[in-house]
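Report on the structure given below.
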Amino acid sequence: MKIAIVCYPTFGGSGVVATELGLELSRRGHEVHFITYSQPVRLSQLSPNLHYHEVNVPEYPLFHYQPYELALSSKLVDMVKLYGIELLHVHYAIPHAYAAYMAKQMLKDEGIYVPIVTTLHGTDITLVGSHPFYKPAVAFSINKSDIVTSVSESLKEDTYRHFNVHKEIHVIPNFVELDKNTSDPSIGCRRSVMATEKERIVTHISNFRKIKRIPDVVRIFHKIQQEIPAKLMLVGDGPEREKAEKLCRKLGISDKVIFFGNSNEIDQILSYTDLFLLPSETESFGLAALEAMVWGIPVISTNSGGLPEVNFQGISGYLSDVGNVEEMAANAIRILKDDSVLKQFRSNALGVAKQFDIKKILPLYEALYEEALQLKV
Ligand code: GMT
């Protein structure tokens, strides 16, 4: 099948899911075309059935805002015609589902049918998409998609609650590539750079937005290190980073916290990690937690959104109410203070992660692609 994938190419979870999906589809013999404004971060090697087409938005002095949707829909039309693309799979509703709908209509006028699969990821529904300025267009483009998927049951419910959506929503959870992530990470930074032999390593990875509750990450760690020798690895960058640095200084733990920024050594860092923290306000799924669990890392998270669908209470870690720093720290200490408890949680976390193996999840997308191709509307 010839598939176009539209996504945000940056470090966010939706872009990661879209890229990993495209890579695996290409390995399974599909021809995949990424269409976005820059090459997705995890897309390093192109091949005969893996293409990248850049969307350019020319600057024009009249425009206060550059019309990206227009450029994207035109690019989609061109690429469908040039490569005979059969299906558009767009990740993140805004503005991708909208641009795909316009492209589909333009192509229809020329007698070309191309169905749209839209995958909802989270903030496109729960945060940005629900804003009154976007809401009607988001609802419209979801309803006009041929197939709609969401990454969790929780996100599916949120979509029906926030929007006047009458389309069936298929839940396909996020996935991980087990073989790749558990391979030997011997190249790159060493454990000794991060912590001493006696110290546990606690890690948080995100885009440091408010929704991630970075101050809670720091406060949980502050309590952990009062009981157990430990270091905190903060990976990623975003608006809350400076605040976190200040809080570390205020709490007197700056020497125990390493800020990596947008690191390329995530696998190395995770391979040395003992515990992952994700105290988010909400997560539609929490891909970062799943990517940690592949390394056999237990997770301390909140219980909001789709997190209970990936982090299982008392098995792969613990879940608490948003903001309950005391309880999250106590649970973290319970896991970290005893080698045998940690070992059990490690093995459980890997066991849960195996349920989300890309090899199990990808055929669910392929089945929906086949269904979309039959629709011809
Ligand atoms: O978490 C973010 O802020 C990034 C965002 C994105 O769209 O790139 O992530 C969302 O999609 C991920 C992949 O499906 C999910 O695992 C994340 O939970 C979700 N984030 C939120 O719902 C806050």
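Highest mean first, what order results for 261-269, 204-212, 315-323, 164-172 on Cβ atoms within 10 Å?
Values: 261-269: 16.9, 204-212: 21.4, 315-323: 19.7, 164-172: 15.3.
So the peptides 261-269, 204-212, 315-323, 164-172, ranked by packing, come out 204-212, 315-323, 261-269, 164-172.
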Task: Relative contact order (%) - criterion: Cα under 8 Å, at least six apart; region: the chain - done: 14
Task: Residue order for Thr203, Thr196 - accessible surface, 1.4 angstrom probe, largest first - done: Thr196, Thr203
TODO: Can you check what the Kirkwood hydrodynamic radius comes to for region 178-355, Cα pairs only, in Å to one decimal?
DONE: 15.8
TODO: Using only Cα atoms, locate the centre of region 1-52 and the centre of region 238-275, then give the distance between them in Å, rounded to an integer.
DONE: 29
Task: the chain - mean residue ellipticity at 222 nm from DSSP helices (-39,500 (n - 2.57) per run, n ≥ 4, rounded to 500) - done: -13000 deg cm²/dmol
Open item on the list: Could you tell me the relative contact order of region 1-88? Use alpha-carbon pairs under 8 Å, at least six residues apart, and round to a whole percent.
Closed with: 32
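What is the sum of charges around Lys231, taking Lys and Arg as +1, Asp and Glu as -1, for the other residues whose C-beta is under 11 Å from the C-beta of Lys231?
Details: positive: Arg191, Lys198, Arg200, Lys256; negative: Glu199, Asp255, Asp274.
That sum, taken over residues with Cβ under 11 Å, equals +1.
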Open item on the list: Bin width 5 Å, origin at 0, all Cα-Cα pairs of region 222-278: what percent of pairs per bin?
Closed with: 4, 16, 27, 27, 19, 6, 0
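Taking each pair of different alpha-carbon atoms in the chain once, compute 1/r for the pair, average those values, and report the inverse of that mean as the Kirkwood hydrodynamic radius in Å to one decimal. All intermediate terms of the calculation are to be shown ahead of the outcome.
On the way: mean 1/r = 0.0463 Å⁻¹.
This gives a value of 21.6 Å.
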Task: Accessible area in square angstrom per residue, region 178-355, 1.4 angstrom probe - done: 43
Open item on the list: How large a share of the accessible area of the chain, in percent, is made up of carbon and sulfur atoms when the probe is 1.4 Å and the other protein chains stay in place?
Closed with: 52
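Using a 10 Å cut-off on Cβ atoms, rank the peptides 213-225, 58-70, 18-30 from the highest mean neighbour count down.
Ranking the peptides 213-225, 58-70, 18-30 by packing returns 213-225, 18-30, 58-70.
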- [ ] In whole angstrom, note down how far apart the Cα centers of region 302-320 and region 55-107 are.
- [x] 37
Open item on the list: Place a point 7 Å from Cα of Leu46 in the direction of its Cβ. Which residues in region 79-97 have their backbone N less than 14 Å from it?
Closed with: 79, 83
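The values are calculated or read from the model by the stated rules, or taken from the named source; none is laboratory data. Keep in mind that this is a model prediction, so the values were computed, not measured. Cβ sites come from the backbone with ideal geometry, for glycine too, and all protein chains shown count toward neighbours. Side chains are part of the model used for accessible areas, which takes the heavy atoms of the whole protein and leaves out ligands, DNA and RNA. Shrake-Rupley method; radii C 1.70, N 1.55, O 1.52, S 1.80 Å.
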